[in-house]
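Novice: So that we are looking at the same thing, I have put the structure below in C-alpha coordinates.
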Amino acid sequence: MQSPKPVEGSRDGQVPDLDTYIERDYYERKWRPYSWLVDAERFVAGGLLLAVFGMIIFQVFTRYVLNMPLSWSEEVARLLVVWLTFVGAGFVASRNAHIAVDILAVYLPRKLATASQIFAMLVVAAASTYMVIAAISLMVLTGSLQMTATSLPLPLLYGAVFVGYLMILGHTVLNIVMYLRHPAEVPDAVDKAASMEGL
(Lines give C-alpha, C1' and ligand atoms only; values in the text may rest on other atoms or scores of the structure.)
Protein backbone atom coordinates (compact mmCIF):
# COMPACT_ATOMS: atom_id res chain seq x y z
CA MET A 1 0.00 0.00 0.00
CA GLN A 2 1.42 3.35 -1.06
CA SER A 3 1.97 5.80 1.78
CA PRO A 4 0.12 9.12 1.48
CA LYS A 5 2.03 12.18 0.37
CA PRO A 6 2.93 14.84 2.92
CA VAL A 7 0.49 17.72 3.09
CA GLU A 8 1.78 21.24 2.64
CA GLY A 9 1.92 23.02 5.96
CA SER A 10 2.53 19.89 8.03
CA ARG A 11 5.52 19.78 10.34
CA ASP A 12 8.69 18.04 9.18
CA GLY A 13 6.90 16.84 6.05
CA GLN A 14 5.05 14.21 8.08
CA VAL A 15 1.52 13.15 7.22
CA PRO A 16 -0.79 14.69 9.84
CA ASP A 17 -3.53 12.84 11.67
CA LEU A 18 -6.67 13.27 9.54
CA ASP A 19 -8.84 13.47 12.65
CA THR A 20 -7.08 16.56 14.01
CA TYR A 21 -5.39 18.26 11.05
CA ILE A 22 -7.12 20.90 8.96
CA GLU A 23 -5.42 21.64 5.67
CA ARG A 24 -5.01 25.33 4.93
CA ASP A 25 -6.67 26.67 1.81
CA TYR A 26 -5.26 29.08 -0.79
CA TYR A 27 -6.08 32.28 1.09
CA GLU A 28 -4.70 31.03 4.39
CA ARG A 29 -1.41 30.17 2.72
CA LYS A 30 -1.32 33.53 0.94
CA TRP A 31 -2.48 35.89 3.71
CA ARG A 32 -1.03 35.31 7.17
CA PRO A 33 -3.59 37.58 8.94
CA TYR A 34 -6.44 35.55 7.44
CA SER A 35 -4.77 32.38 8.64
CA TRP A 36 -4.57 33.86 12.13
CA LEU A 37 -8.25 34.81 11.94
CA VAL A 38 -9.28 31.26 11.04
CA ASP A 39 -7.10 29.89 13.85
CA ALA A 40 -8.74 32.35 16.26
CA GLU A 41 -12.18 31.17 15.16
CA ARG A 42 -11.18 27.57 15.82
CA PHE A 43 -9.69 28.30 19.24
CA VAL A 44 -12.66 30.46 20.30
CA ALA A 45 -15.03 27.66 19.30
CA GLY A 46 -12.90 25.17 21.24
CA GLY A 47 -12.84 27.49 24.26
CA LEU A 48 -16.62 27.85 24.13
CA LEU A 49 -16.98 24.07 24.02
CA LEU A 50 -14.83 23.73 27.13
CA ALA A 51 -16.78 26.51 28.82
CA VAL A 52 -20.10 24.76 28.09
CA PHE A 53 -18.73 21.50 29.48
CA GLY A 54 -17.41 23.26 32.58
CA MET A 55 -20.70 25.09 33.18
CA ILE A 56 -22.72 21.87 32.89
CA ILE A 57 -20.41 20.14 35.39
CA PHE A 58 -20.81 23.15 37.69
CA GLN A 59 -24.60 22.93 37.38
CA VAL A 60 -24.60 19.24 38.27
CA PHE A 61 -22.29 19.87 41.23
CA THR A 62 -24.36 22.70 42.70
CA ARG A 63 -27.67 20.97 42.11
CA TYR A 64 -26.93 17.40 43.22
CA VAL A 65 -23.90 17.71 45.49
CA LEU A 66 -24.50 21.04 47.22
CA ASN A 67 -28.29 20.82 46.79
CA MET A 68 -28.17 24.51 45.88
CA PRO A 69 -29.22 24.98 42.22
CA LEU A 70 -28.29 28.36 40.78
CA SER A 71 -30.72 29.84 38.28
CA TRP A 72 -28.10 31.91 36.51
CA SER A 73 -25.90 28.91 35.65
CA GLU A 74 -28.51 27.44 33.29
CA GLU A 75 -28.90 30.76 31.50
CA VAL A 76 -25.13 31.15 31.12
CA ALA A 77 -24.85 27.58 29.79
CA ARG A 78 -27.60 28.28 27.25
CA LEU A 79 -25.87 31.48 26.15
CA LEU A 80 -22.57 29.65 25.73
CA VAL A 81 -24.24 26.92 23.64
CA VAL A 82 -25.75 29.55 21.33
CA TRP A 83 -22.36 31.25 20.85
CA LEU A 84 -20.65 27.89 20.32
CA THR A 85 -23.20 26.97 17.64
CA PHE A 86 -22.76 30.13 15.59
CA VAL A 87 -19.00 30.59 16.01
CA GLY A 88 -18.54 26.90 15.16
CA ALA A 89 -20.75 27.31 12.07
CA GLY A 90 -18.61 30.26 10.99
CA PHE A 91 -15.41 28.26 11.36
CA VAL A 92 -16.85 25.30 9.42
CA ALA A 93 -17.71 27.75 6.62
CA SER A 94 -14.01 28.60 6.36
CA ARG A 95 -13.49 24.99 5.28
CA ASN A 96 -16.59 25.01 3.04
CA ALA A 97 -17.47 21.88 5.01
CA HIS A 98 -21.08 22.34 6.04
CA ILE A 99 -23.35 19.36 5.44
CA ALA A 100 -24.26 19.35 1.75
CA VAL A 101 -25.63 17.05 -0.91
CA ASP A 102 -22.71 17.01 -3.33
CA ILE A 103 -23.86 14.28 -5.71
CA LEU A 104 -23.95 16.84 -8.55
CA ALA A 105 -20.38 17.88 -7.84
CA VAL A 106 -19.31 14.23 -7.97
CA TYR A 107 -21.06 13.14 -11.17
CA LEU A 108 -21.33 16.28 -13.31
CA PRO A 109 -18.51 17.46 -15.58
CA ARG A 110 -16.10 19.75 -13.72
CA LYS A 111 -17.40 23.01 -15.21
CA LEU A 112 -21.03 22.20 -14.46
CA ALA A 113 -20.09 20.95 -11.00
CA THR A 114 -18.24 24.20 -10.33
CA ALA A 115 -21.23 26.21 -11.54
CA SER A 116 -23.55 24.27 -9.21
CA GLN A 117 -21.21 24.87 -6.28
CA ILE A 118 -21.00 28.60 -7.01
CA PHE A 119 -24.79 28.82 -7.25
CA ALA A 120 -25.15 27.06 -3.89
CA MET A 121 -22.64 29.42 -2.29
CA LEU A 122 -24.45 32.45 -3.74
CA VAL A 123 -27.63 31.22 -2.05
CA VAL A 124 -25.71 30.81 1.23
CA ALA A 125 -24.27 34.33 0.87
CA ALA A 126 -27.72 35.81 0.24
CA ALA A 127 -29.23 33.97 3.21
CA SER A 128 -26.30 35.01 5.43
CA THR A 129 -26.71 38.65 4.42
CA TYR A 130 -30.40 38.49 5.36
CA MET A 131 -29.58 36.89 8.72
CA VAL A 132 -26.92 39.50 9.51
CA ILE A 133 -29.45 42.27 8.88
CA ALA A 134 -32.11 40.43 10.90
CA ALA A 135 -29.70 39.95 13.81
CA ILE A 136 -28.83 43.66 13.82
CA SER A 137 -32.54 44.49 13.87
CA LEU A 138 -33.14 42.17 16.82
CA MET A 139 -30.16 43.60 18.70
CA VAL A 140 -31.51 47.12 18.22
CA LEU A 141 -35.07 46.05 19.09
CA THR A 142 -34.01 44.33 22.33
CA GLY A 143 -31.32 46.84 23.25
CA SER A 144 -32.97 47.86 26.51
CA LEU A 145 -33.95 44.34 27.63
CA GLN A 146 -32.05 42.04 29.99
CA MET A 147 -31.94 38.30 30.51
CA THR A 148 -34.02 37.06 33.41
CA ALA A 149 -31.51 35.32 35.67
CA THR A 150 -28.20 37.00 34.89
CA SER A 151 -29.40 40.52 33.95
CA LEU A 152 -27.03 40.36 30.98
CA PRO A 153 -28.15 42.47 27.99
CA LEU A 154 -30.40 40.46 25.69
CA PRO A 155 -28.61 41.69 22.53
CA LEU A 156 -25.69 39.52 23.68
CA LEU A 157 -27.78 36.51 22.68
CA TYR A 158 -28.56 37.82 19.20
CA GLY A 159 -24.98 38.99 18.86
CA ALA A 160 -24.03 35.34 18.38
CA VAL A 161 -26.29 35.18 15.31
CA PHE A 162 -24.74 38.36 13.95
CA VAL A 163 -21.15 37.19 14.46
CA GLY A 164 -21.80 33.66 13.18
CA TYR A 165 -23.55 34.68 9.98
CA LEU A 166 -21.04 37.47 9.36
CA MET A 167 -18.29 34.83 9.52
CA ILE A 168 -20.25 32.54 7.20
CA LEU A 169 -20.82 35.41 4.75
CA GLY A 170 -17.15 36.39 4.70
CA HIS A 171 -15.87 32.85 4.22
CA THR A 172 -18.49 32.08 1.58
CA VAL A 173 -17.58 35.17 -0.45
CA LEU A 174 -13.91 34.16 -0.31
CA ASN A 175 -14.82 30.64 -1.42
CA ILE A 176 -16.79 32.04 -4.37
CA VAL A 177 -13.82 34.20 -5.39
CA MET A 178 -11.52 31.17 -5.12
CA TYR A 179 -13.84 29.11 -7.35
CA LEU A 180 -13.87 31.91 -9.93
CA ARG A 181 -10.27 33.16 -9.84
CA HIS A 182 -8.29 30.15 -8.60
CA PRO A 183 -10.16 27.03 -9.76
CA ALA A 184 -6.98 24.97 -9.58
CA GLU A 185 -6.97 25.54 -5.80
CA VAL A 186 -10.45 24.06 -5.37
CA PRO A 187 -10.20 20.48 -4.08
CA ASP A 188 -11.80 17.74 -6.12
CA ALA A 189 -15.25 16.90 -4.72
CA VAL A 190 -14.55 13.16 -4.42
CA ASP A 191 -11.15 13.68 -2.77
CA LYS A 192 -12.59 16.28 -0.41
CA ALA A 193 -15.44 14.00 0.67
CA ALA A 194 -13.01 11.13 1.18
CA SER A 195 -10.59 13.21 3.25
CA MET A 196 -13.42 14.54 5.45
CA GLU A 197 -14.52 10.95 6.08
CA GLY A 198 -10.94 9.99 6.93
CA LEU A 199 -10.63 7.64 3.96
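Novice: One residue is enough: does segment 93-103 have a residue meeting the conditions open to solvent by 70 Å² or more (accessible area, probe 1.4 Å), more than 15 Å from Leu156 (Cα to Cα), part of a helix (DSSP H, G or I) and touching a helix residue (DSSP H, G or I) at 6+ places or on another chain (Cβ under 9 Å)?
Specialist: No, every residue in segment 93-103 fails to be open to solvent by 70 Å² or more (accessible area, probe 1.4 Å), more than 15 Å from Leu156 (Cα to Cα), part of a helix (DSSP H, G or I) and touching a helix residue (DSSP H, G or I) at 6+ places or on another chain (Cβ under 9 Å).
Novice: Now a separate question. Any idea which of (1) in contact with a helix residue (DSSP H, G or I) (Cβ under 7 Å, 6 or more places away or on another chain); (2) of a type outside the set (A, V, I, L, M); (3) exposed (fewer than 13 other Cβ atoms within 10 Å of the Cβ); (4) part of a helix (DSSP H, G or I) is the one Phe119 doesn't satisfy?
Specialist: Phe119 satisfies every listed condition except (1).
Novice: Every residue in segment 47-79 that is small (Gly, Ala, Ser) and closer than 19 Å to Ser151 by Cβ, please.
Specialist: Result: Ser71, Ser73, Ala77.
Novice: When residues of segment 76-118 are filtered for being modelled with pLDDT of 90 or more and of a type in the set (Asp, Glu), how many remain?
Specialist: Counting residues in segment 76-118 that are modelled with pLDDT of 90 or more and of a type in the set (Asp, Glu) gives 0.
Novice: Among the residues of segment 122-152, how many are more than 30 Å from Leu70 (Cβ to Cβ), open to solvent by 100 Å² or more (accessible area, probe 1.4 Å) and not β-branched (Val, Ile, Thr)?
Specialist: 1
Novice: To continue, here is another question. Is it true that some residue in segment 9-26 is assigned to a helix (DSSP H, G or I), at pLDDT 70 or above, open to solvent by less than 100 Å² (accessible area, probe 1.4 Å) and of a type in the set (Lys, Arg)?
Specialist: No - not one qualifying residue is present in segment 9-26.
Novice: Looking only at residues in segment 36-69 that are aromatic (Phe, Trp, Tyr) and open to solvent by 90 Å² or more (accessible area, probe 1.4 Å), which one is nearest to Val81 (Cα to Cα)?
Specialist: Filtering segment 36-69 for residues that are aromatic (Phe, Trp, Tyr) and open to solvent by 90 Å² or more (accessible area, probe 1.4 Å), the one nearest to Val81 (Cα to Cα) comes out as Phe53.
The values are calculated or read from the model by the stated rules, or taken from the named source; none is laboratory data. In this text, all values refer to a predicted model and were calculated from it rather than measured experimentally. Heads up, the Cβs are rebuilt from the backbone with ideal geometry, glycines too, and the neighbour counts pull from every protein chain shown. All accessible areas refer to the heavy atoms of the entire protein, side chains included, with ligands and DNA or RNA removed. Shrake-Rupley method; radii C 1.70, N 1.55, O 1.52, S 1.80 Å.
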